[in-house]
Amino acid sequence: MQGAAGSVQVPVPQLTCVVERIPKLRAIEVAKLALINRDLKREMLVKKFARKRAELQAIIDDQSKSEEERYQARLKLQQLPRNSNPTRLRNRCLLTGRPRGTFRKFGLARNKLRDIAMRGEVPGITKASW
């Protein structure tokens, strides 16, 4: 069944759990793979439609275009899949898939970053003391 935006089939690569690839991380709890795969699918859609979305947005923002052209660009933009919008992406921890408390610089959740930093595996990170 097709909705207003149509149905877009995007192949999702098989995700192997990070914990299975790194033996010493077997005790870590991992987010549901369905949620992680959903975010991967969104990433692929964002990349796929980025150029088209940027072109349509440029037309919409261009004040020299006629109202009709800008209106048609808005309609075409609405026809794109919802998940192709970059605002729907979620930063997740690379180790656990945790969606909250993720540091962009490291790509890790706060608790995993703390564990790794305490073991001295992140260069330049030291425990604060004052």
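The values are calculated or read from the model by the stated rules, or taken from the named source; none is laboratory data. On a predicted model such as this, the values are computed, not experimentally measured, just so you know. Virtual Cβ from ideal backbone geometry, glycine too; neighbours counted across all protein chains shown.
Take residue 42 and decide whether it is in contact with a helix residue (DSSP H, G or I) (Cβ under 8 Å, 6 or more places away or on another chain), closer than 30 Å to residue 114 by Cα and assigned to a helix (DSSP H, G or I). When the stated conditions are applied, residue 42 passes them. Note on region 92-119: residues that are surrounded by 15 or more Cβ atoms within 10 Å (Cβ to Cβ) and under 20 Å from residue 40 (Cβ atoms) amount to 12. Being at pLDDT below 90 and among the β-branched types (Val, Ile, Thr) is the requirement here; does residue 18 meet it? Spelling it out, residue 18 is indeed at pLDDT below 90 and among the β-branched types (Val, Ile, Thr). Annotation note: Cβ proximity below 6 Å between a residue of region 48-76 that is within 20 Å of residue 89 (Cα to Cα) and a residue that is part of a helix (DSSP H, G or I) and polar (S, T, N, Q) (sequence gap 6+ or interchain) occurs for 49/84. Among the residues of region 83-123, those identified as among the aliphatic types (A, V, I, L, M) and in a loop (DSSP other than H, G, I, E, B) are 89, 94, 95, 122.
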